[in-house]
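Notes to accompany the following structure.
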Amino acid sequence: MKTTAFTTIHQNLGAKMVPFAGYLMPVTFEGLIAEHETVRHKLGVFDVSHMGEFWVKGPKALEFLQWVTSNDVSKLVDGKVQYSCLPNDKGGIVDDLLVYRVDPQTYLLVVNAANVDKDWAWCNSQNKFGATLYNASDEISQLAIQGPLALKAMQKLTDTPVTDMEYYTFKKLTFAGVKDVIFSTTGYTGAGGCEVYMANADAVKIYNAVMEAGKEFGIKPIGLGARDTLRLEMGFCLYGNDINDTTSPIEAGLGWITKFNDGKEFMNKAALLKQKKEGVSRKLIGFEMTEMGIPRHGYSIVSENGDVIGEVTSGTMSPSLKKPIGMGYVPTALSAEGSEIRIKIRDKALKAKVVKFPFYKA
């Protein structure tokens, strides 16, 4: 089981540690609901050092990225971040990821922890262009400082203005006295804030500075349990649950990151374009329970007469909304807002209705 630069800190704080994506990670500190509310209303800090980072460099970097990712990388400018996915050759998704443009010949890819090895092999197999690829995953630590007060608190640690940064942008700056930290206004919670990338050797120093800077605002350490409920309230897909090697970006509602521009050729473009034009037989939907029961990953979605029509991909009791919510794939005919479906919870088929994302609106 791998550890991060922050593992000892988590253990000393009394975190409940669990195996996740090959790492020993904190799932909760004081409790999921309290941690969730801290991020929604104040600020909290997550260890996300298990994520993977690949550098893509050289004169062929853009050409390679245009082929291997679904979004249009040519639209990026220096300091901008793009959400995208890696389509496979069978209509599914290898992974979803972030693409950072440092300069026209330097990009950083941030991929999911559980997929680092798979993504690295895939990117190398698709690199027919001669781009320079480097896997820096084991060299980089990452903290996500999330919440409406996060940027205000983190401004104390840098002379570079960060409170007015646009969503999905980044700067290389001196942070907590450490040079060349990547400070990115991204995150997986919908609560605002930033993600900070640093060398492993600087990680503990930066963590302590972040906690000290955030103390007056009520900062707390947050585990992966609250990260999951926060992202689910926003309708953000989780790889391995809501998207995987068999789900297409069109089915998953990710057509907005799948760009069919003239001149952009990418993996499996023709098949995905056909789906976009002709439609798909199933779609990923969000739903709220109208009868009380908590939906969980893997539960069956059934019709009024009990026929299985889909499966819950993510589900929880929403701490912010105080109601059970979930996501899952259903036939397209039942995907419209307001459609009634049923979730099989134990032996009962409980009523639910399709709702629009996000579930939580600030």
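Filter the range 337-362 down to the residues that are in a loop (DSSP other than H, G, I, E, B) and within 25 Å of the chain's Cα centre (by Cα) and list them by number. The answer is Glu337, Lys356, Phe357, Pro358, Phe359, Tyr360, Lys361, Ala362.
Among the residues of the range 18-45, the ones that are closer than 24 Å to Glu212 by Cβ and not β-branched (Val, Ile, Thr) come to 14 in all.
Of all residues being at positive phi and over 22 Å from the mean Cα position of the chain (by Cα) in the range 246-284, which is surrounded by the fewest Cβ atoms within 10 Å (Cβ to Cβ)? Just the residue, please. Break it down stepwise before answering.
The first filter runs over the range 246-284 and keeps only residues at positive phi, leaving 253, 263, 268, 279.
Then drop every residue that is not over 22 Å from the mean Cα position of the chain (by Cα), which leaves 263, 268, 279.
Details: Gly263: 7, Asn268: 18, Gly279: 10.
Only one residue tops the list, namely Gly263.
Quick check, is Phe287 over 26 Å from Pro319 (Cα atoms) and either under 24 Å from the mean Cα position of the chain (by Cα) or touching a residue at least 40 places away in the same chain (Cβ under 8 Å) (or both)? Criteria not met by Phe287. Of all the criteria given as (1) within 12 Å of Gly44 (Cβ to Cβ); (2) surrounded by fewer than 17 Cβ atoms within 10 Å (Cβ to Cβ), the one not satisfied by Arg227 is (2).
From the list Ile341, Ile285, which one is closer than 23 Å to Arg227 by Cβ and aliphatic (A, V, I, L, M)?
Values: Ile341 fails: closer than 23 Å to Arg227 by Cβ.
Result of the check over Ile341, Ile285: Ile285.
So is Val99 within 17 Å of Glu53 (Cβ to Cβ), in contact with a Ser or Thr (Cβ under 9 Å, 6 or more places away or on another chain) and not hydroxyl-bearing (Ser, Thr, Tyr) or not?
Values: within 17 Å of Glu53 (Cβ to Cβ): yes; in contact with a Ser or Thr (Cβ under 9 Å, 6 or more places away or on another chain): yes; not hydroxyl-bearing (Ser, Thr, Tyr): yes.
Judged against the criteria, Val99 is a match.
Considered as a group, the residues in the range 312-362 that are over 20 Å from Leu254 (Cβ atoms) and polar (S, T, N, Q) include one that is surrounded by the fewest Cβ atoms within 10 Å (Cβ to Cβ), and that residue is Ser339.
For the range 180-234, filtered to residues that are in contact with a Cys (Cβ under 8 Å, 6 or more places away or on another chain) and not hydroxyl-bearing (Ser, Thr, Tyr), the residue that is farthest from Asp138 (Cα to Cα) is Gly187.
For the range 60-108, name all the residues that are in contact with a helix residue (DSSP H, G or I) (Cβ under 7 Å, 6 or more places away or on another chain), part of a helix (DSSP H, G or I) and buried (at least 19 other Cβ atoms within 10 Å of the Cβ). Leu62, Leu65, Gln66, Val68, Val73 - these are the residues of the range 60-108 that are in contact with a helix residue (DSSP H, G or I) (Cβ under 7 Å, 6 or more places away or on another chain), part of a helix (DSSP H, G or I) and buried (at least 19 other Cβ atoms within 10 Å of the Cβ).
Per the conditions (1) within 20 Å of Gly193 (Cα to Cα); (2) within 17 Å of the chain's Cα centre (by Cα); (3) among the polar types (S, T, N, Q), the sole criterion not satisfied by Asn71 is (1).
Read-outs: derived from the displayed coordinates by stated rules, not from any lab. This one's a predicted model, so the numbers in the text were calculated from it and none came from an experiment. In this analysis, Cβ positions are derived from the backbone assuming ideal geometry, glycine residues included, and neighbour counts consider all displayed protein chains.
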